[in-house]
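Engineer: Dumping the structure here so I can ask a few things about it.
The values are calculated or read from the model by the stated rules, or taken from the named source; none is laboratory data. The structure displayed is predicted, hence computed values, not measured ones. Virtual Cβ from ideal backbone geometry, glycine too; neighbours counted across all protein chains shown. Heavy atoms of the whole protein, side chains included, go into the accessibility calculation; ligands, DNA and RNA do not. Shrake-Rupley method; radii C 1.70, N 1.55, O 1.52, S 1.80 Å.
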Amino acid sequence: MEYRIELIFVPVRDTDRAKAFYTEQLGWHADFDQVVRPGLRFVQITPPGSACSIAFGEGIAEDEPGTMRNVQVVIDDADATRAALLEAGVDASEVDEQDWGRFVTFADPDGNRWTLQQLPARE
């Protein structure tokens, strides 16, 4: 039996602001944006190279905006990713060096926090 995580819901206050942040600032792909019915708008965004997407919109998440804290994304190069985030106007942390990887964190406009991890080299 296989299990694949394919969609994570991100609680946001302003759907258009969130979509602009994830697509225009981060460069993630907008897969879908549909008003299903009044009060229900579904937006799906996918990071480049990811098999898992995020979703947000009106009437989607029950959590308070800004409460997502524990999603970790694997990246190839922490320094290059941090530089790209800063260039795009995203407030990214310094690279945190640990034995189990190199980490950069940032938050979206609502305060949802993302952790990016460059995995350690395998010997």
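Engineer: Nearest-5 percent of antiparallel DSSP beta bridges in the chain? Display every interim value, and only then the final one.
Structural biologist: Details: 19 of 27 bridges.
For the chain, the DSSP antiparallel bridge percentage is about 70.
Engineer: OK, next. Per the Kirkwood definition applied to all pairs of different Cα atoms, how many angstroms is the hydrodynamic radius of the stretch 52-123?
Structural biologist: Details: mean 1/r = 0.0747 Å⁻¹.
Evaluated over the stretch 52-123, this radius sits at 13.4 Å.
Engineer: Oh, and also: Using a 1.4 Å probe on the protein heavy atoms, what percent of the accessible area of the stretch 26-123 belongs to carbon and sulfur? Working shown, then result.
Structural biologist: Values: 2770 of 5890 Å².
Result for the stretch 26-123: 47 percent of the exposed heavy-atom area is carbon or sulfur.
Engineer: Further, regarding this structure: Could you work out how far apart the two model spin labels at Ile5 and Asp79 are, taking each label as a point 7 Å from the Cα in the direction of the beta carbon, and quote it in nm?
Structural biologist: Each label point lies 7 Å from its Cα, and together they span 2.9 nm.
Engineer: With every protein chain left in place, what is the accessible area per residue of the chain in square angstrom, probe 1.4 Å?
Structural biologist: 64 Å²
Engineer: If you consider only alpha-carbon coordinates, what radius of gyration and Dmax does the chain have, in Å?
Structural biologist: My reading of the Cα-based Rg and Dmax gives 15.1, 54 Å.
Engineer: Next up: What residues have an amide H closer than 5 Å to that of Ile75, excluding those fewer than 5 places away on the same chain, when H is modeled at 1.01 Å from N in the peptide plane?
Structural biologist: Here the answer is Gln117, Gln118, Leu119, since their amide H atoms fall under 5 Å of that of Ile75.
Engineer: Quickly estimate the mean residue ellipticity at 222 nm for the chain, helices only: each DSSP H run with n ≥ 4 gives -39500 (n - 2.57), and the total goes over all residues, rounded to 500.
Structural biologist: About -3500 deg cm²/dmol.
Engineer: At a Förster radius of 30 Å, what calculated FRET efficiency corresponds to the Cβ-Cβ distance of Ser50 and Glu94, to the nearest 0.05? Walk me through the numbers on the way to the answer.
Structural biologist: Details: r = 24 Å, r/R0 = 0.81.
So the FRET efficiency works out to roughly 0.80.
Engineer: Cβ neighbours within 10 Å, averaged per peptide: list 1-11, 35-45, 106-116 in order, most packed at the top.
Structural biologist: 106-116, 35-45, 1-11
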